[in-house]
1. Provide the per-residue ³J(HN,Hα) series for the stretch 85-92, in order, calculated from phi with Karplus coefficients 6.51, -1.76, 1.60 and θ = phi - 60°, each as a whole number of Hz, with x at glycine and proline positions.
2. Ignoring ligands and nucleic acids, what accessible area does R139 show with a 1.4 Å probe (Å², nearest 10)?
3. Ignoring everything but the protein chains, give the 1.4 Å probe accessible area of K197 in square angstrom, nearest 10.
4. Distance between the C-alpha centers of the stretch 77-119 and the stretch 1-55? Whole Å please.
5. Report ³J(HN,Hα) in whole Hz for each residue of the stretch 106-122, in order, from the Karplus equation J = 6.51 cos²θ - 1.76 cosθ + 1.60 where θ = phi - 60°; Gly and Pro get x.
6. GNM, the chain, Cα, under 10 Å: largest mean-square fluctuation among S96, S114, S185?
7. Taking the stretch 118-220, which GluC sites (Glu not before Pro) meet the DSSP loop condition and have no more than 14 other C-beta atoms within 10 Å?
8. What are the radius of gyration and Dmax of the stretch 1-127, computed over its Cα atoms and given in Å?
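The values are calculated or read from the model by the stated rules, or taken from the named source; none is laboratory data. Source: prediction; values computed, not measured. Don't worry about glycine lacking a Cβ; one is built from the backbone with ideal geometry, like all the others, and counts go over all protein chains shown. What goes into the accessible areas is simple: the full protein's heavy atoms, side chains included, and nothing from ligands, DNA or RNA. Shrake-Rupley method; radii C 1.70, N 1.55, O 1.52, S 1.80 Å.
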Amino acid sequence: MRARLSGGHFRMLNEKLYTCTGKEALDYFNENPALFDMYHSGYQEQMSHWPELPVNIIVKWLKDHSPSLVIADFGCGDARLAKSVKNKVFSFDLVSNDPSVIACDMSNTPLNSSSVDVAVFCLSLMGINFPNYLQEAQRVLKPSGWLLIAEVKSRFDPNTGGADPNKFSKAVCDLGFAPVSKDFSNKMFIMFYFKKKEKQNSKSKEIQWPELKPCLYKRR
Ligand code: SAH
């Protein structure tokens, strides 16, 4: 009974996060910090059914690169990434239950412009204003810095109402990035790798972002 109730709460909170802005999500959890723990226990339960976790793919990628790279983990959850690598990691989430996590809406982080080498979004492009998060990553990344995005595969499956990955990629490039690679081989999530362009376009054109559908979990 208890497991069912908490499963229901998780699904409600998950849907809330996918259907509001980051600012609304921040206000919501500031009023009810206990709900954040509830969300995260449900999240961990869901993840326990995934054969491979995207955060581990990102950890592997980081271990294959220099430990001197400075990382910003946008929507870090329990900060597993920071705990798994030697690099300096700035971890951001809506609520901080750990001194290493900075609580904020990640469209507005306290980082200086051009100050980090790698920006990570691991299953965290949740808010309806997700382009603002990527814009913030663009601001804080150094020229040629990396942008790594892992997202739920169904959100990028045009056959089932998901976004067209090419349109998403094009929008990210219009923001000032170059595509490096993508990996659709995993059953549950897809990975995009971009690099911030050395020189930004002087003209800012209107970017056509595809809509990203919420990822709703089924009752088990
Ligand atoms: N990256 C972690 C957690 C993924 S769950 C992992 O892979 O395990 C997605 C996380 O993004 C949640 O913890 C959620 O609170 C956070 N998040 C969503 N929108 C946010 C926002 N606007 N600002 C900060 N964190 C946000």
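1. Values per residue, Gly and Pro as x: 10, 8, 4, 6, 10, 9, 9, 10 Hz.
2. Result for R139: roughly 80 Å² accessible.
3. Roughly 70 Å² of K197 is accessible to a 1.4 Å probe.
4. Comparing the Cα centres of the stretch 77-119 and the stretch 1-55, I get a distance of 19 Å.
5. 6, 7, 8, 8, x, 6, 6, 5, 6, 10, 10, 9, 9, 10, 10, 10, 9
6. Largest GNM mean-square fluctuation: S185.
7. Details: sites: E136, E151, E198, E206, E211; in loops: E198, E206, E211.
For GluC sites (Glu not before Pro) across the stretch 118-220 that sit outside H, G, I, E and B with at most 14 neighbouring Cβ atoms in 10 Å, the list reads E198, E206, E211.
8. Values for the stretch 1-127 (Cα only, Rg and Dmax): 15.1, 50 Å.
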